[in-house]
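Take a look at the structure below.
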Amino acid sequence: MTTPSTGTIACRSCDLYEVCRLCGMIALSEQRGLQRTGALRTLKPGTRLYRAGEPAHSLFAVRQGMLKTVDVGTDGEERIVSVNTPGDMLGMEAFGNRIYAQDVVALQPTVCCELPLSMLSEQYSRVRELAAALINLLSRASAPRPMLARGSIRERVAGFILDLGARLEQRGLNGRQFSLGMTRQEIANLLDTRIETVSRTIQKLGRERAIDIVGQKVTLRSLKPAA
């Protein structure tokens, strides 16, 4: 069964909004309101948005769905570094070495907005505004994320679920009822533990009515962060 996709966010809720506006990828029409003019990338679950080592040609913003960012070891084993939700921006390494540093893989049916780097270099007349928007974007991208692989296993699992809900709510989506977007094995990988431990902990949270869980769909009830 295909995992349902996380909802679509409004352009104004996206980290890349101001940069897209200055580059002309979003236009304001008096008759039709905010209109997108940029390119979209549609991905099926398991499809890579890009691979480590590929030339970096674009920035991407998650419009709908979820992805995972992974490091692939020399033995081919994946280590999940982060989960990417609607509104998140991907490909910031394009400003440095001009190659993508990690693999990014769709967890659900996913849509990403694509901003080619070539468009940034064409905006000479608005360079000050664009520079300010990029600095703001970089500051958001460098903001620390919760250390999900620390603490007791209950704290890790609860922290993962609460962080995901808070990120979706921040983008104007439903942060109380949503898809986890990941298999139990992927969650265990992210939290640096075993799949059996994750499964038992999620079941225990369900029995305690802290959450309702059916497959990957979770509803928050009384789940609270660790004191």
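Please list, ordered by residue number, the strands (runs of 3 or more DSSP E) wholly in region 149-227 having 2 or more residues that are β-branched (Val, Ile, Thr) and surrounded by fewer than 17 Cβ atoms within 10 Å (Cβ to Cβ).
Numbers: elements: 177-179, 211-214, 217-220.
Of the strands (runs of 3 or more DSSP E) lying wholly inside region 149-227, those with at least 2 residues that are β-branched (Val, Ile, Thr) and surrounded by fewer than 17 Cβ atoms within 10 Å (Cβ to Cβ) span 211-214.
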Self-check item: Filter result (in contact with a Leu (Cβ under 8 Å, 6 or more places away or on another chain) and in a loop (DSSP other than H, G, I, E, B)) within region 65-81
Solution: Gly65, Met66
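Only the coordinates and a few stated rules stand behind these numbers; no lab work does. All of these numbers come straight from a predicted model, not from anything done at the bench. Glycine also receives a Cβ, built like all others from the backbone with ideal geometry; neighbour counts cover every protein chain displayed.
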